[in-house]
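Read-outs throughout are calculated quantities, based only on the coordinates presented, and are distinct from any laboratory measurement. For clarity, every value in this text was computed on a predicted model and none was experimentally measured.
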Amino acid sequence: MADRIDKLLERYFTGGLDLEIKMREHELRQNNSKKDENIGGGRAQNKYSNAFENTLVRIEQDEKLNALQEQRAKIKACVDKFDREHKEVFNQRYRNRMGWEMIAQLHYVDERTPRRWRDALKVKCQQVDL
């Protein structure tokens, strides 16, 4: 379970989760309707095209997009419970992929301290059912 949460946190801090959300929105915004091949044929006179509204509904009701956005919100809520130094350690570990020894030296703490901070973040993430 800890490995799954580590991967989620890495996706969040590196921006991979935001990228997935943007890509999914882009996919949903693409017009998937087929071109009209009725060359020279008649068209309905009273046909109302509401493509914009249909796109908005498609985006709002997409389960995958909603799950990704909910996941991002939960992780953000967990991270926001910590102070600036803890967030800096999380960024260094997950975004910059620094080792624990280097992080400990940069913050003038024992090597075990940033690991405890990471463990506290994981516990908070588990509490919100990530």
re segment 21-130: pairs of Cα atoms spaced beyond 22 Å account for a percent value of 57 percent
Taking Cα atoms only, helix 2-14 is inclined relative to the longest principal axis of the chain by an angle, in degrees rounded to 10, of 70 degrees
For segment 65-108, the Kirkwood Rh over every pair of distinct alpha carbons, in Å, works out to 11.6 Å
Excluding near-sequence neighbours (fewer than 8 apart on one chain), segment 14-130 holds lysine pairs with C-alpha atoms under 20 Å apart numbering 17
